[in-house]
1. Quick one: in the range 40-61, which of the residues that are closer than 25 Å to GLY119 by Cα and free of Cβ contacts under 8 Å to residues at least 12 places away in the same chain is most open to solvent (accessible area, probe 1.4 Å)?
2. Read through the list (1) under 22 Å from LEU108 (Cα atoms); (2) open to solvent by 60 Å² or more (accessible area, probe 1.4 Å); (3) without any contact (Cβ under 8 Å) to a residue 60 or more places away in the chain, then give the number of the only condition that PRO170 fails.
3. Which members of the range 112-129 meet the condition of being surrounded by 21 or more Cβ atoms within 10 Å (Cβ to Cβ) and among the charged types (D, E, K, R)?
4. Which one of the conditions (1) farther than 23 Å from VAL86 by Cα; (2) of a type in the set (A, V, I, L, M); (3) outside any helix (DSSP H, G or I) does LEU202 fail to meet, given that it meets all the rest?
5. Go through the range 170-201 and give me each residue that's within 21 Å of ILE51 (Cα to Cα) and touching a Ser or Thr at 6+ places or on another chain (Cβ under 7 Å).
6. Using beta carbons and a limit of 6 Å, which pairs, at least six apart or on different chains, have the first residue in the range 214-230 and more than 13 Å from LEU259 (Cα to Cα) and touching a residue at least 12 places away in the same chain (Cβ under 8 Å) and the second one among the β-branched types (Val, Ile, Thr) and crowded, with 18+ Cβ neighbours inside 10 Å?
7. Would you mind telling me which numbered condition in (1) under 19 Å from ALA179 (Cβ atoms); (2) out of contact with any Ser or Thr (no Cβ under 7 Å at 6 or more places or on another chain) HIS30 fails?
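The values are calculated or read from the model by the stated rules, or taken from the named source; none is laboratory data. Quick caveat: nothing in here was measured; it's all calculated off a predicted structure. Counting neighbours? That spans all protein chains shown, and the Cβs are built from the backbone with ideal geometry, glycine included. To get the accessible areas, we keep the full protein, side chains included, count just its heavy atoms, and leave off ligands, DNA and RNA. Shrake-Rupley method; radii C 1.70, N 1.55, O 1.52, S 1.80 Å.
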Amino acid sequence: MDIVTSVRDLRERLQREPDNVFVPTMGNLHAGHIQLMRLAKHRAACTVVSIFVNRIQFGPKEDFERYPRTLQADAEMMEDVGVDVVFAPTEAEIYPEPQTFVVEPSDLQHILEGAFRPGHFRGVTTIVMKLLQIVQPNFAYFGRKDAQQSRLITQMTRDLNLDTEIVVCPPVREPDGLALSSRNIYLSADERKAATVLYGALQAAKSELAAGVRDALQLQAVLHGTLGAERQARVDYAEIVDAESFEPVIRVSKPCYVLLAVFIGKTRLIDNLFVEPKSSNSEELVFHF
């Protein structure tokens, strides 16, 4: 496995293996990242993973400075899974000068996550665009836990005619349902137990949907009722939205997301449930956690 820190060296390395697949990360890897790498390895001869904590996607009061940097441990995990190339640039390598040109996403950037984290998706799409231009992969793998982010990145590659196919994969969960996240490390033991309320709320929504409930306001009431029973939980949003536009729906009748953003103590967690009809004109639903 090669660890490369400069754009020039990475491009020279990939000239020898242009058939590559890419998994961008911010490091502090967990089993969810490793699953993406395992899936990605089957799509191309060379698997490239980036490790870069991107300052411009963090808000002024967010956790950029304390976000865990664990390159040595990450490298051991990536070598075990068979990654071929690790791109671990410095901030000066990616942003040698102030970034004057950025990707300006659609209005989708301003709602839900974007409403609570202004400028976040501009930072995300800009760094992803830069990395895709540097790596030039045939495929790039992302996790569905960040559903709104994945939707924006998929649309960006289509609208700007990038020659990379975006592959979005289901989240990986702990046995008690908590979605894996690099920020789970911030949770105390007591908060870790409380954090399962997100999965509990999604399960409660699934039960209502399976019982025939389709009214979004009724489903939201169930979400808030479950989350409100946990004293350590503070809800940013609990919404049922269209899977394409991410606009709120009145009734679940087509592919939708049940989206959650919840603080447990000082740690902000997100999670979702993807719901779709089993077939066209079917009232039966299929659930994807």
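1. Ranking the qualifying residues of the range 40-61, first place goes to LYS61.
2. Against the list (1) under 22 Å from LEU108 (Cα atoms); (2) open to solvent by 60 Å² or more (accessible area, probe 1.4 Å); (3) without any contact (Cβ under 8 Å) to a residue 60 or more places away in the chain, PRO170 comes up short only on (3).
3. Scanning the range 112-129 gives a single hit, GLU113.
4. Condition (3) is where LEU202 drops out.
5. ARG183, TYR186, listed by residue number.
6. Final answer for the pair search is ARG214/VAL252; GLU230/VAL197.
7. Evaluating HIS30 over (1) under 19 Å from ALA179 (Cβ atoms); (2) out of contact with any Ser or Thr (no Cβ under 7 Å at 6 or more places or on another chain) leaves (2) as the failure.
Yes/no per residue for (1) among the polar types (S, T, N, Q); (2) part of a loop (DSSP other than H, G, I, E, B); (3) touching a Cys at 6+ places or on another chain (Cβ under 9 Å); (4) farther than 22 Å from HIS33 by Cα:
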| residue | (1), (2), (3), (4) |
| --- | --- |
| MET78 | no, no, no, no |
| PRO98 | no, yes, no, yes |
| GLN109 | yes, no, no, yes |
| GLY114 | no, no, no, yes |
| THR154 | yes, no, no, no |
